[in-house]
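Asks: Structure in structure tokens, see below.
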Amino acid sequence: MEITIRRVRPDEMGLLCELDVKIFGDEDAFDTPDLWEGLEAFFIVVDGLIVGSIALRHNTDVAESYESDYVDLPGSLYIVSTGILPEWQGRGIGSKIKAWQIEYAQTSGSVRIVTNARTSNLRSIKLNRKFGLQIIRSIPGWYGDEDTTVLERKF
């Protein structure tokens, strides 16, 4: 299985939004191009097929609520979103992507990565912890009816 990461081109924003809906559903997806503004967007490609996406934001921390703007934090790379189509999950792709994210953060000069996940998304939390991210807080109601768990790793 060949896994590559490539930047999303401006003419692919429609495809990116459609993919995000397939991964996260209507409620959590970044389903319009304006939601991707200010983010570095990448496709996850496996054997030539686009199977997921990554959204990153440099010099940023997780906001205190879903309605808040991003929080500036020099040296921090916020992994805003990582998604893999359900039919491609459970094949080790997530581990390879997490390793790529850590390497990307380090080579881009970040001294910290931070991400968040639904508190019920135990697979995501477990994967992040496997790569040295520690739970640092929970934010009530981030997903409306559910809290989010915030994790970080310092370099």
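The values are calculated or read from the model by the stated rules, or taken from the named source; none is laboratory data. Note that this is a predicted model, so its numbers are computed, not measured. Glycine also receives a Cβ, built like all others from the backbone with ideal geometry; neighbour counts cover every protein chain displayed. Surface accessibility is based on the protein's heavy atoms, side chains included, excluding ligands, DNA and RNA. Shrake-Rupley method; radii C 1.70, N 1.55, O 1.52, S 1.80 Å.
Asks: Let me spell it out: the conditions are (1) over 21 Å from TRP142 (Cα atoms); (2) open to solvent by 20 Å² or more (accessible area, probe 1.4 Å); (3) touching a residue at least 12 places away in the same chain (Cβ under 8 Å), and LEU49 meets all of them except one. Which number is the exception?
Replies: Answer for LEU49: the failing condition is (3).
Asks: Which condition from (1) modelled with pLDDT of 95 or more; (2) surrounded by 21 or more Cβ atoms within 10 Å (Cβ to Cβ) is the one that TRP142 breaks?
Replies: (1)
Asks: Separate question: Quick one: would you say THR149 is surrounded by 13 or more Cβ atoms within 10 Å (Cβ to Cβ), under 23 Å from ASN59 (Cα atoms), without any contact (Cβ under 8 Å) to a residue 40 or more places away in the chain and touching a Ser or Thr at 6+ places or on another chain (Cβ under 7 Å)?
Replies: yes
Asks: Test of understanding: among LEU73, LEU85, which residue is of a type outside the set (Ser, Thr, Tyr) and in contact with a helix residue (DSSP H, G or I) (Cβ under 9 Å, 6 or more places away or on another chain)?
Replies: Criteria check complete, one pass: LEU85.
Asks: Collect the residues in the stretch 91-111 that are surrounded by fewer than 17 Cβ atoms within 10 Å (Cβ to Cβ) and more than 18 Å from GLU2 (Cβ to Cβ), keeping them in residue-number order.
Replies: GLN106, THR107, SER108, GLY109, VAL111, listed by residue number.
Asks: Within the stretch 39-155, considering only strands (runs of 3 or more DSSP E) that don't extend past its boundaries, which have at least 1 residues that are in contact with a Lys or Arg (Cβ under 8 Å, 6 or more places away or on another chain)?
Replies: Counting at least 1 such residues, we get 40-46, 71-84, 112-118, 134-139, 148-154.
Asks: Now, a different point. Taking the stretch 16-40 only, how many residues are within 14 Å of ILE84 (Cα to Cα) and at pLDDT 95 or above?
Replies: Number of matching residues: 8.
Asks: Now, a different point. Any idea how many residues of the stretch 4-25 are among the hydrophobic types (A, V, I, L, M, F, W, C) and open to solvent by less than 40 Å² (accessible area, probe 1.4 Å)?
Replies: 5
Asks: Okay, moving on. For the stretch 3-32, what are the residues that are outside any strand (DSSP E or B) and over 30 Å from GLY144 (Cα atoms)?
Replies: ARG9, PRO10, ASP11
Asks: To continue, here is another question. Do we have any residue at all in the stretch 60-71 that's aromatic (Phe, Trp, Tyr) and open to solvent by less than 20 Å² (accessible area, probe 1.4 Å)?
Replies: No, the conditions are met nowhere in the stretch 60-71.
Asks: OK, next. Out of curiosity, is LEU77 touching a His at 6+ places or on another chain (Cβ under 8 Å) and buried (at least 18 other Cβ atoms within 10 Å of the Cβ)?
Replies: It is true that LEU77 is touching a His at 6+ places or on another chain (Cβ under 8 Å) and buried (at least 18 other Cβ atoms within 10 Å of the Cβ).
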